[in-house]
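K.L.:
Quick one: this structure, given as structure tokens, is what I'll be asking you about.
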Amino acid sequence: LVESPRWHAGRLWFADWTNGEILAVTPDGTCEVVVQHQSLPLCFDHLPDARAVLVSNQERALLAVDDDGSLTRYADLAPLSQFGCNDIVVDGRGNAYVNSPNFDFAAGPPDSAVAPGFVALVRPDGSATVVADDISFPNGMAVTADNSTLVVADSYRHCLVGYDIGDDGMLSDRRVWADLGPGTPDGICLDAEDACWYADVPNQWVRRV
């Protein structure tokens, strides 16, 4: 079950949620298992020092992947939500953004005007702070190349939302970055033109915005 694709250091990295593995593939097809860890979800990104850091709902923490494949605790996520976290993206300053739908998925979202989902900022010192809320099932996230904007897939509201990123990592100026009509964004990425590609599971398509 392939998730969380990342291009890093000339290889395509991805998570296999079924087997609890993060793998890296070279352009010639050589595949290496970088780390094994059972967690659902199993999303990750790379820090500026090239270490991968992954969301572990088993440990309720961010875990850094060391050169030998071992895992060390990078940040405690337990205080953020009793329901665990979902996706992650790291900006060029080393700030990690982690999100959570913040409800029991099996029971369905609460019937309320304000959605429980949020985005938290995890700074390089390991501190974690909620910096955006009222997101209806946050999914994939991406940061523009100039580190100025965070884009978040607001799945249940069928849109991409954008935030300005401050020098301190805080978010401001929330706006609808793109109204996707019937689209339900899941994983997203930005290309060289800062256009957004999103995968849509219910509609079985990939679209570029």
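K.L.:
Using alpha-carbon positions, what is the distance between the centroids of region 26-40 and region 177-201, in Å?
P.N.:
What the calculation gives is 25 Å, centre to centre.
K.L.:
Could I ask something else about it? Under 8 Å for C-alpha pairs, at least 6 residues apart: give me the relative contact order for region 1-107, rounded to a whole percent.
P.N.:
16
K.L.:
How would region 14-56 be classified by its alpha-carbon gyration tensor: rounded, prolate or oblate, with rounded meaning a/c under 1.5 and the a/b versus b/c comparison settling the rest? Please report the intermediate quantities before stating the final value.
P.N.:
Values: a/c = 2.46, a/b = 1.15, b/c = 2.14.
In terms of gyration-tensor shape, oblate.
K.L.:
Sticking with this structure for a sec: Can you find, among Q82, N19, N99, the residue farthest towards the positive end of the dipole of the chain? Put +1 on the C-beta of Lys and Arg, -1 on that of Asp and Glu.
P.N.:
Checked the options; the winner is Q82.
K.L.:
Quick one: net charge around G187, please, counting Lys, Arg +1 and Asp, Glu -1 for every other residue with C-beta under 9 Å from its C-beta.
P.N.:
-3
K.L.:
Find the relative contact order for the chain and round it to a whole percent, using C-alpha pairs within less than 8 Å whose residues are 6+ positions apart.
P.N.:
Worked out over the chain, it gives 10 percent.
K.L.:
Ratio to report: Rg/Rh of region 53-135, with Cα atoms as the point set and Rh obtained by the Kirkwood method; give two decimals.
P.N.:
My calculation of the ratio gives 1.01.
K.L.:
After finding the eigenvalues of the alpha carbon gyration tensor for region 101-189, what semi-axes result from the square roots of 5 times each, listed largest first in whole Å?
P.N.:
Taking √(5λ) for each Cα gyration eigenvalue gives 22, 17, 11 Å.
K.L.:
May I ask you to give the percent of accessible area on the chain that is carbon plus sulfur, with a probe radius of 1.4 Å?
P.N.:
C and S fraction of accessible area: 51 percent.
K.L.:
Report the Stokes-Einstein translational diffusion coefficient (µm² s⁻¹, integer) for the chain, Rh taken as the Kirkwood radius over Cα pairs, at 20 °C with viscosity 1.002 mPa s. Before the final figure, lay out the partial values.
P.N.:
Values: Rh = 17.2 Å.
It comes out at roughly 125 µm²/s.
K.L.:
Let me ask something else about it. Along the charge dipole of region 142-203, which of L160, T149, T184 sits closest to the positive end, that is, farthest toward it, with unit charges on the beta carbon of Lys, Arg, Asp and Glu (+1, +1, -1, -1)?
P.N.:
The residue sitting farthest along the positive end of the dipole is T184.
K.L.:
Further question on the same structure: Just the number please: accessible area per residue for the chain, 1.4 Å probe, all protein chains included, in Å². Numbers along the way, then the final one.
P.N.:
Values: 9820 Å² over 209 residues.
Spelled out: the 1.4 Å probe surface of the chain, per residue, equals 47 Å².
K.L.:
Identify which of C43, C196, C31 has the largest mean-square fluctuation in a Gaussian network model of the chain, with springs joining Cα atoms closer than 10 Å.
P.N.:
C31
K.L.:
So which residue, out of V25, V122, V131, gets the largest mean-square fluctuation from a GNM of the chain using Cα contacts under 10 Å as springs?
P.N.:
V25
K.L.:
In the chain, with Lys and Arg counted as +1 and Asp and Glu as -1 at Cβ, which of these residues, C43, V114, L62, has the Cα nearest the positive end of the dipole, that is, farthest along it?
P.N.:
Of the listed residues, the answer is V114.
K.L.:
So, one more: What's the magnitude of the charge dipole for region 153-209 around its Cα centre, counting Lys and Arg as +1 and Asp and Glu as -1 at the beta-carbon? Answer in Debye, nearest 20. Provide the component values of the computation, followed by the final result.
P.N.:
Working: 5 positive and 11 negative charges, 67 e Å.
In debye, rounded to 20, region 153-209 gives about 320.
The values are calculated or read from the model by the stated rules, or taken from the named source; none is laboratory data. Computed from a prediction, not measured in an experiment: that's the story for all the values here. Glycine gets a Cβ as well: all are built from the backbone with ideal geometry, and neighbour counts include every protein chain shown. Heavy atoms of the whole protein, side chains included, go into the accessibility calculation; ligands, DNA and RNA do not. Shrake-Rupley method; radii C 1.70, N 1.55, O 1.52, S 1.80 Å.
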